Each structure stands twice: as structure tokens, then as C-alpha cells.
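Novice: Before I ask anything, let me first share the structure, which is written out below as C-alpha cells.
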Amino acid sequence: MAIDEGLKSELAKAGIFTITLEGVYNWGRKNSIWPLQFGLACCAIEMIATAASRFDLARFGAEVFRPSPRQADLMIVAGTVTKKMAPQVVRLYNQMPEPKYVIAMGACAISGGPFKQGYNVLKGIDRFIPVDVYIPGCPPRPEALLHALMTLQRKIDGQTSLPTNATVTNRAYGEGSEEYPVPEFGEHDLVPPYNPDLFKAPTLPRTNAK
Amino acid sequence: MTLGPYELNYLILGVLFLMSVAFAVGPLLIAWLITPRKPSKIKNEMYECGVQSETDAWVQFKVQYYVYALVFVIVAIATIFVYPLAVIYKSLGGAGLLFLTSFLGLISLGVGYAWKKGVLEWS
């Protein structure tokens, strides 16, 4: 039930400002993202610096780090995810209430980073949970995390959530369960090694080019 | 019925009370209305630290431990009182000895009574 953009700007010229319920809702959501207080490795130190006074995450309404997944909207995967830790990360993500978002912070959380060849390092958290924003860097600077948060805010702003809307783009408001399978320890690797619904292993096509 | 200034003050109080209730309950109500509900097995688990929970939240533990812990607290707090006294013990003279012995005596009386009652014995 979005108002026509042309009519909106026409009304704005006459001094009448219109806003949709969706707009108010998203404005509230994007300015009160509560992250899960959860650090894995050295990226967490940068995350702490971001929350502290010099970079001041509170400017974006996201300073309330929650020690419980029940109260958190955002999971910042800050650091190397070992295979020992991956099931816990997925379980914590499953315990967060919808709508929920994930920022993969740093090279390790994206792909395993410098430890990619290690036997016990998960090659990217996006193998098990859906990631909204990736931050490259090793570790990324606090400014990069702030930029990721602003990117996430833009994403939230563009989502439609309310059932009054014909097309709901926010996954959390759709039908069906939002539980992602928690991997278990197998003989050599996590079982399954990745969630086939989320992640597709990149393959290098061999061609007979001369 | 007309409201005098006295009743009016109470009216203001009532309005403020209603506003404070609405301010607290309103956000909860809005959240309850618009929140997407997606309960799942993992989400409904009682433990929320990432580790898989085992058994039930309703477990029994020995109530005897309560008295045991209480006796421990008495002794632990006694040290907090005795340390500052020990610092200025020499300057207190004979009175210090009196304070210390009477304080420790009272505490040992209590602990001794608990001991005699068999609190410190596990069976």
C-alpha cells in the first residue's frame, strides 16, 4: 500500500509530508539493531573498539550488545570460526528471534582467511547461516564495521515486512520455519560440511581450450 | 460535580499514572502485535549459550547445602571484619583483644552450634 512516489514529492512541495506504516516500522528497526555480544577472535577486539567511545556504535543505535540471543537482532561473526565452534554459532543464530541479520566480519568469517587451509577452520560462516553483509579485512577497521552497519541499515530500509504489503521481501516474515540445521562432528569433518540450501561449493569447469 | 484545585492535583496524578503505564505497556503491545512468531525446537530450548542443553530445567538439589553455605558465609565475613582490626590491633591495646575475642567467640559459638546439630556432615 505504498504511496505513489510522484504524489509523495508533489505533496512534499506543498508542505505535506507523508509516510507509510512500513516506513515508520523500518525506521524503528534499522535504528535499533541490537547485536549479540559474541566475539570469536581478534576481529572481536575491533568490534569492542567500535562499541567504545572513539568510534561510538551508539550513534547508530546499535550499542546495546545483548548477552542473550533471545534479545538480539544482529549476529556479528567477528573472527575465525573453528569447526569446534561452528555448531554453537549456528545454534545461537537459531535461537535469535526474527527478523535477524548476520554480518560476517573479517577474512576468517567470510572464507577462513589466512587459516583457510587449516584442518579445523570453517571456510566461511555462510556455509551454515545466511550472511547479509560481508566485511573484508584482517581485521577490518572499526570504520569498516560501521560501514557494514550502515549497509545493513540500508538493506533493512528497503525491506517490506508488513502483511499489508503484497510482496513481502523480508525472509523473516514469510511462511515456513527459519531453523537452520546444526552441524555435528563427524569422523573427519562437520556433518554436513555445508548447508546445501545456502551454499554451493564453487567448481572450476574444465574446458579443452587449446 | 466540580473539581476543586485539590481534586485537580489528583487528576494530574491519575493522568500521569495512566501515561506511565501506557509508556511501558505500549511498546510491549506493539511488539506483540507485529512480531513474526517462528518457534522452533532449538529456539525453545532453555539454555541459550550455544551449547546443547541436556535434561530438564527443573532439577532437584539438596536443600541441606543451603545451611552449609550459610555457615561458610558467616566465616568468610568474619575474615573481612578481622583483617581491618588486625591492622590497627597494636594501637587498640587491651580493648582490641576484648573486641576480637568476643567477636570471634560469638561466631564460633554459632558455628559450633551448627556443627553440633550435624549441619557440616554429609550423609
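The values are calculated or read from the model by the stated rules, or taken from the named source; none is laboratory data. Nothing here was measured: the structure is a model prediction, and the numbers come from that model. Note that we place each Cβ from the backbone using ideal geometry, even for glycine, and neighbour counts take in every protein chain shown. Note: areas computed on protein heavy atoms with side chains; ligands, DNA, RNA excluded. Shrake-Rupley method; radii C 1.70, N 1.55, O 1.52, S 1.80 Å.
Novice: Which of A:Thr160, A:Thr18, A:Thr80 moves the most in a Gaussian network model of chain A with Cα springs under 10 Å?
Specialist: Comparing A:Thr160, A:Thr18, A:Thr80 in the GNM, the peak value goes to A:Thr18.
Novice: Please report, as a whole percent, how much of the solvent-accessible surface of the stretch A:68-210 comes from carbon and sulfur atoms (probe radius 1.4 Å). Please list the in-between numbers first.
Specialist: Numbers: 4180 of 7370 Å².
About 57 percent, which is the carbon plus sulfur part of the accessible surface.
Novice: Within the stretch A:76-210, what is the number of lysine pairs with alpha carbons under 30 Å apart, leaving out pairs fewer than eight places apart on the same chain?
Specialist: Pairs that pass both the separation and distance tests number 19.
Novice: GNM, chain B, Cα, under 10 Å: largest mean-square fluctuation among B:Gly96, B:Gly14, B:Gly112?
Specialist: Looking only at B:Gly96, B:Gly14, B:Gly112, the largest GNM fluctuation is found for B:Gly14.
Novice: Find the all-direction average of the projected area of the Cα convex hull for chain A, expressing the result in square nanometres with one decimal place. Could you put the intermediate results ahead of the total?
Specialist: Working: hull surface 67.2 nm².
Average of the hull's projected areas for chain A equals 16.8 nm².
Novice: Which order, highest average first, do B:76-82, A:109-115, A:180-186 follow once you tally other Cβ atoms within 10 Å for each residue and take the mean per peptide?
Specialist: Result, highest mean Cβ count within 10 Å first: A:109-115, A:180-186, B:76-82.
Novice: Still on this structure, please answer the following. Take the Cα of A:Cys42, step 7 Å along the line toward its Cβ, and report every residue of the stretch A:98-112 whose backbone nitrogen sits under 16 Å from that point.
Specialist: The answer is A:105-112, whose backbone nitrogens lie closer than 16 Å to the label point.
Novice: Also, quick follow-up: If you average 1/r across every pair of different Cα atoms in the stretch A:119-210 and take the reciprocal, what Kirkwood value do you get, in Å? Please list the in-between numbers first.
Specialist: Numbers: mean 1/r = 0.0593 Å⁻¹.
So the Kirkwood estimate lands at 16.9 Å.
Novice: Take the alpha-carbon positions of chain B, form their convex hull, and give its projected area averaged over all directions (one quarter of the hull surface) in nm². Mind showing how you got there, number by number?
Specialist: Working: hull surface 81.8 nm².
Computed as one quarter of the Cα hull surface, the answer is 20.5 nm².
Novice: Calculated FRET efficiency, A:Glu175 and B:Lys62, Cβ-Cβ r, R0 45 Å, to nearest 0.05? Numbers along the way, then the final one.
Specialist: Working: r = 49 Å, r/R0 = 1.08.
Given R0 = 45 Å and the Cβ-Cβ separation, E is 0.40.
Novice: Quick one: what are the phi-derived ³J(HN,Hα) couplings along the stretch A:90-98, Karplus 6.51/-1.76/1.60 with θ = phi - 60°, whole Hz, x for glycine and proline?
Specialist: Once θ is set to phi - 60°, the couplings for the stretch A:90-98 become 5, 5, 4, 4, 5, 7, 6, x, 6 Hz.
Novice: Suppose a student asked you for the relative contact order of the stretch A:101-141, using Cα pairs under 8 Å spaced at least 6 residues apart; what percent would you report? Don't jump to the answer; show the numbers that get you there.
Specialist: Details: 68 pairs, mean separation 21.6, N = 41.
So the answer I get is 53 percent.
Novice: Between the stretch A:188-210 and the stretch A:49-75, what's the alpha-carbon centroid distance in Å?
Specialist: One Cα centre to the other: 35 Å.
Novice: For helix A:142-158, report the angle its Cα long axis makes with the longest principal axis of the Cα atoms of chain A; keep it between 0 and 90° and round to the nearest 10°.
Specialist: Its long axis makes an angle of about 50 degrees.
Novice: With contacts defined as alpha carbon pairs under 8 Å and 6 or more residues apart, what's the relative contact order of chain A in percent?
Specialist: Working: 339 pairs, mean separation 40.7, N = 210.
Once divided by the residue count of chain A, the mean separation gives 19 percent.
Novice: Can you compute the FRET efficiency between A:Val64 and B:Leu18 using 1/(1 + (r/R0)^6), with r the Cβ-Cβ distance and R0 = 25 Å? Round to the nearest 0.05.
Specialist: Numbers: r = 28 Å, r/R0 = 1.13.
The calculated FRET efficiency here is 0.35.
Novice: Over chain A, average the accessible area per residue using a 1.4 Å probe and give it in Å², no decimals. Please list the in-between numbers first.
Specialist: Numbers: 11590 Å² over 210 residues.
That works out to 55 Å² per residue.
Novice: Most mobile of A:Ala12, A:Ala52, A:Ala44 per a Gaussian network model of chain A (Cα springs, under 10 Å)?
Specialist: Of the options given, A:Ala12 has the highest mean-square fluctuation.
Novice: In Å², nearest 100, what accessible area do chains A and B bury in total when the solvent probe is 1.4 Å? Don't jump to the answer; show the numbers that get you there.
Specialist: On the way: alone 12300 and 11430 Å², together 22210 Å².
When A and B are taken together, about 1500 Å² of accessible area is lost.
Novice: Which residues, if any, in the stretch B:10-56 lose at least 40 square angstrom of accessible heavy-atom surface (probe 1.4 Å) when the other protein chains sit next to their chain rather than the chain being alone?
Specialist: Residues shielded by partner chains are B:Ile34, B:Pro36, B:Lys38, B:Ile42, B:Lys43, B:Glu48, B:Gly50.
Novice: Fully extended, how many nm does the chain gain between A:Phe185 and A:Asp132 (0.36 nm per residue separation, minus their Cα-Cα distance)?
Specialist: Values: separation 53, 0.36 × 53 = 19.08 nm, distance 2.63 nm.
Stretched fully, the A:Phe185-A:Asp132 segment lengthens by 16.4 nm.
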